[in-house]
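Chemist: Encoded as structure tokens, here's the structure I'll be asking about.
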Amino acid sequence: MSSGRGPSRRSFLIGLSLSLLLAISLMPAPEGLSLQGQRALAIFAMAVVLWGTNALPLSVTGILVMAALPLLGVLDANEAYALFGNSAVFFILGAFILAAAMMKTGLSKRMALILLKRFDGSPGRLVAGVLLTSASMAFIMPEHAVAAILFPVVVGIAESLDLEPLKSRYGALLFLSLAWGAIIGGIGTLLGGARNPLALGLLNQYYGVKIGFFDWIVAAAPLVAVMLLLAYGVLLISFRIDIGDVSSARQVIEEELLEKGGVTEEESRVALIMALTLLAWISLGNRIGLANIALLASVLLFVLGVMEWKDVEDYVNWGVILMYGGAISLGSALVSTGAAQWLAGILLTGSELTPVTFLVGLSLISKLLTEGISNVATVAMVLPIGFTIGSALGINPVATVFIVALPSGLAFMLPMGTPPNAIAYSSGYYEVSEMIKPGLILNILSWTVFIVMALIYWPAIGLRLL
Amino acid sequence: MEKIMVVFSSTTMPRSLIDHSIELAKRKQAKLIILDVRDRAMSEKVAALTENIGFMGEKVVRDLKKDIAHERCDIIFRKLSTIEEAMKKEQIPYEIVIAKGPFAENIAKVAREKKVKTILCQRREHLPEGAPDFEVIHV
């Protein structure tokens, strides 16, 4: 955040990305790679630098990619812009409007408070309550929104318990539970993290294959359940409880609920629409399409007078759509020009890659990258290459989606790696150094559990690697 | 009497900095100037991350920024109370200065005004031109 360093670093990174674009575009085409493929790779290299470093907002890089594809003759302009209309883009549009309605009416906060109220009693139970509430909320709305909603609630609890920042271990426990709960819950469904629908969109674009709403839950559920237990254990071991009584927390939660008053008509409508939408996604998603259901549900919110367009603008940053459009167009260009296949050939030459080493390696790369860069960017960068290498090895592309998307959602170690971690860290209850060790332990555990789940559980539910 | 200045911001307030400044002031029998710069670096940074990476809308980001800024002010207030108690206990003369705005500029300005020779802070910032009339120790 240094005022002097920021702009120069940004200019350097933008310059670097453009230099890469020019250098790769202008060098003699390697054998086996078409001119369009070479230029697609050049755009990919530029996007990797920009998405990886956030030198430009993710969405602006998305726009740049969409403009560069026709400009460099990689794709026809109509073809490039048409990819922006992928169903995953419209699914996320509808899902974000639904989440906006829950936030605007206060339904999400009420749900969080009701869930939290069930876990008071002992300090350990309250920590478990924050962890589980955060995770449960992230099953139905973006994890970043969950962290933002729960942050003032947990601040209120910490203040009522008179916890002293940087001294109170219990304060650190509460805020890390908030962040890690949201992160773990975020991989559980297609609604918790934007990367999940993006992975689905790329799968659909490449192979015309879809993953059902419920199928995703079934594939990810054991990892979520085990990780919640492990996170609880790691938290309690790393930050010993230094408080005996948490009864005042209940008072804070009750006061917040009292202040909210009774359930409003608007909240009831949103709750009903949300419940029906979830049912429709699970039971009719494969037939009608997840995006269609999401769009119809969002229209219903306007028809019933719950939402106005201004509300949507208040709660949703439409940059998400631009980022998605750019990522899907770029992924498609890499495949249609043969660039991804060429790159996979280079990476596979002389390697002894087997399906298991593919699983281990690709999930590890996703895991490592997501600690440093945004998880959506990780999926956008790793999945296209993963598909092509996987294809050469005969890997089931549905498995490849999970191999990249699930580990890339689990960043526990660095405070600025992901918004939930950043929000929790801003509480001031712990220092960076105190988060790194338990975060690293949880990273190793989550990766191990993921590998075991992929090798043992997935075949049992019919999700095969090959 | 020599003056030592210790600088906190709403972004950083490490325990080690407090301990170090008390020890140094005691050893040098110096007066401690405690500068609290109420910057918005932390809330701005988290808000930007939530907006650009989390794709949250303007209202969510604005509310979050407000919540974080409020929380940081509360923390710095508690921290200052702790330092004051320690100063009184150790009988070290001290003065608290509260400033708002950019971190580096405020350090240079207050240091000149108070004729400080040594500055203790955690964040590594480039001080403005003409500022090196004092020693900066990063803890």
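Chemist: How do the pairs read when you match residues in region A:427-440 that are surrounded by fewer than 23 Cβ atoms within 10 Å (Cβ to Cβ) with residues anywhere that are modelled with pLDDT of 90 or more and not in a loop (DSSP other than H, G, I, E, B), using Cβ under 6 Å and keeping only pairs 6 or more apart or on different chains?
Modeler: A:Pro438/A:Val234; A:Pro438/A:Ser238
Chemist: Return the residues of region A:385-425 that are within 14 Å of chain B (Cβ to nearest Cβ) and either touching a residue at least 24 places away in the same chain (Cβ under 8 Å) or of a type in the set (Asp, Glu) (or both); say none if nothing qualifies. Break it down stepwise before answering.
Modeler: Filtering region A:385-425 for residues within 14 Å of chain B (Cβ to nearest Cβ) gives A:408-409, A:411, A:414-425.
Of everything in region A:385-425, those that are within 14 Å of chain B (Cβ to nearest Cβ) and either touching a residue at least 24 places away in the same chain (Cβ under 8 Å) or of a type in the set (Asp, Glu) (or both) turn out to be A:Ser408, A:Gly409, A:Ala411, A:Leu414, A:Gly417, A:Thr418, A:Pro419, A:Pro420, A:Asn421, A:Ile423, A:Ala424, A:Tyr425.
Chemist: Being surrounded by 23 or more Cβ atoms within 10 Å (Cβ to Cβ), modelled with pLDDT of 95 or more and assigned to a helix (DSSP H, G or I) is the requirement here; does A:Gly185 meet it?
Modeler: Values: surrounded by 23 or more Cβ atoms within 10 Å (Cβ to Cβ): yes; modelled with pLDDT of 95 or more: yes; assigned to a helix (DSSP H, G or I): yes.
Taking the combined requirement at face value, the residue satisfies it.
Chemist: Of all residues being surrounded by fewer than 21 Cβ atoms within 10 Å (Cβ to Cβ) and closer than 15 Å to A:Gly188 by Cβ in region A:123-160, which is farthest from the chain's Cα centre (by Cα)? Just the residue, please.
Modeler: Going through the qualifying residues, I end up with A:Leu132.
Chemist: In region B:51-62, what residues are at the interface with chain A (Cβ under 7 Å from one of its Cβ atoms), modelled with pLDDT of 90 or more and assigned to a helix (DSSP H, G or I)?
Modeler: B:Glu58, B:Lys59, B:Val60
Chemist: Give A:Ser8, A:Ser17 a once-over and let me know the one that is away from chain B (no Cβ under 14 Å), of a type in the set (Ser, Thr, Tyr) and assigned to a helix (DSSP H, G or I).
Modeler: Numbers: A:Ser8 fails: away from chain B (no Cβ under 14 Å).
Just a single option satisfies the conditions, and that option is A:Ser17.
Chemist: Go through the residues of region A:66-87 one by one and say whether even a single one is within 13 Å of chain B (Cβ to nearest Cβ) and polar (S, T, N, Q). Let's see the steps before the verdict.
Modeler: Initial filter on region A:66-87 (within 13 Å of chain B (Cβ to nearest Cβ)): none.
No, region A:66-87 contains no residue that is within 13 Å of chain B (Cβ to nearest Cβ) and polar (S, T, N, Q).
Chemist: Next question. Would you be able to say whether some residue in region B:67-79 is acidic (Asp, Glu), more than 8 Å from chain A (Cβ to nearest Cβ) and either assigned to a helix (DSSP H, G or I) or more than 12 Å from the chain's Cα centre (by Cα) (or both)? Spell out how you get there, then give the answer.
Modeler: Step one: list which residues in region B:67-79 are acidic (Asp, Glu), which gives B:67, B:71, B:74.
Keeping just the survivors that are more than 8 Å from chain A (Cβ to nearest Cβ) gives none.
Scanning region B:67-79 turns up no residue that is acidic (Asp, Glu), more than 8 Å from chain A (Cβ to nearest Cβ) and either assigned to a helix (DSSP H, G or I) or more than 12 Å from the chain's Cα centre (by Cα) (or both).
Chemist: Just one of the numbered conditions (1) more than 14 Å from chain B (Cβ to nearest Cβ); (2) in a helix (DSSP H, G or I) is not true of A:Pro197; which one?
Modeler: (1)
Chemist: Please find, among A:Asp76, A:Asp120, the residue that is acidic (Asp, Glu), crowded, with 20+ Cβ neighbours inside 10 Å and at pLDDT below 95. Talk me through it step by step, then tell me what you get.
Modeler: On the way: A:Asp76 fails: crowded, with 20+ Cβ neighbours inside 10 Å.
Testing whether each residue is acidic (Asp, Glu), crowded, with 20+ Cβ neighbours inside 10 Å and at pLDDT below 95 leaves just A:Asp120.
Chemist: Could you tell me whether any residue of region A:147-166 is touching a strand residue (DSSP E or B) at 6+ places or on another chain (Cβ under 7 Å), farther than 17 Å from A:Leu126 by Cα, in contact (Cβ under 8 Å) with a residue 24 or more places away in the chain and not basic (Lys, Arg)? Talk me through it step by step, then tell me what you get.
Modeler: First pass over region A:147-166, keeping only residues touching a strand residue (DSSP E or B) at 6+ places or on another chain (Cβ under 7 Å): A:148.
This time we only want the ones that are farther than 17 Å from A:Leu126 by Cα, so: A:148.
Filter again for in contact (Cβ under 8 Å) with a residue 24 or more places away in the chain, leaving A:148.
Restricting the remaining residues to those that are not basic (Lys, Arg) gives A:148.
Yes, because at least one residue in region A:147-166 is touching a strand residue (DSSP E or B) at 6+ places or on another chain (Cβ under 7 Å), farther than 17 Å from A:Leu126 by Cα, in contact (Cβ under 8 Å) with a residue 24 or more places away in the chain and not basic (Lys, Arg).
Chemist: Tell me which residues, restricted to region A:352-384, are in a helix (DSSP H, G or I) and free of Cβ contacts under 8 Å to residues at least 24 places away in the same chain.
Modeler: Here is the first cut: in region A:352-384, the ones in a helix (DSSP H, G or I) are A:355-372, A:375-384.
Residues satisfying the conditions are A:Thr357, A:Gly361, A:Ile365, A:Leu368.
Chemist: Among the helices (runs of 4 or more DSSP H) contained in region A:250-351, which hold 3 or more residues that are acidic (Asp, Glu)? Please lay out each step first, then the result.
Modeler: Numbers: elements: A:265-288, A:290-303, A:309-315, A:319-336, A:339-348.
So the answer is A:265-288, A:309-315.
Chemist: Looking at (1) modelled with pLDDT of 85 or more; (2) assigned to a loop (DSSP other than H, G, I, E, B); (3) not hydrophobic (A, V, I, L, M, F, W, C), which one does B:Arg124 not meet, given that it meets all the others?
Modeler: B:Arg124 satisfies all of (1) modelled with pLDDT of 85 or more; (2) assigned to a loop (DSSP other than H, G, I, E, B); (3) not hydrophobic (A, V, I, L, M, F, W, C) except (1).
Chemist: Something else about it: So, in region A:289-308, exactly how many residues are of a type in the set (S, T, N, Q) and within 13 Å of A:Ala99 (Cα to Cα)?
Modeler: The initial filter retains those residues of region A:289-308 that are of a type in the set (S, T, N, Q), namely A:292, A:298.
Next, only the ones that are within 13 Å of A:Ala99 (Cα to Cα) stay: A:298.
Of the residues in region A:289-308, 1 are of a type in the set (S, T, N, Q) and within 13 Å of A:Ala99 (Cα to Cα).
Chemist: Applying the selection to region A:302-333, what residues are of a type outside the set (S, T, N, Q), within 24 Å of A:Phe84 (Cβ to Cβ), more than 14 Å from chain B (Cβ to nearest Cβ) and touching a residue at least 60 places away in the same chain (Cβ under 8 Å)?
Modeler: A:Ile328, A:Leu330, A:Gly331, A:Ala333
Chemist: Related question: Of the residues A:Tyr206, A:Tyr232, only one is in a helix (DSSP H, G or I), of a type in the set (Phe, Trp, Tyr) and farther than 30 Å from A:Ala333 by Cα; which?
Modeler: On the way: A:Tyr206 fails: farther than 30 Å from A:Ala333 by Cα.
Criteria check complete, one pass: A:Tyr232.
Chemist: Of all residues in region A:31-61, which are within 16 Å of A:Val382 (Cα to Cα) and within 14 Å of another protein chain (Cβ to nearest Cβ)? Break it down into steps so the answer makes sense when it comes.
Modeler: Initial filter on region A:31-61 (within 16 Å of A:Val382 (Cα to Cα)): A:40-53, A:58.
Across region A:31-61, the qualifying residues are A:Leu50, A:Trp51, A:Gly52, A:Thr53, A:Leu58.
The values are calculated or read from the model by the stated rules, or taken from the named source; none is laboratory data. Note that the coordinates shown come from a computational prediction; the quantities given were computed from them, not determined experimentally. Cβ coordinates were reconstructed from backbone atoms using ideal geometry, including for glycine residues, and neighbour counts include every protein chain displayed.
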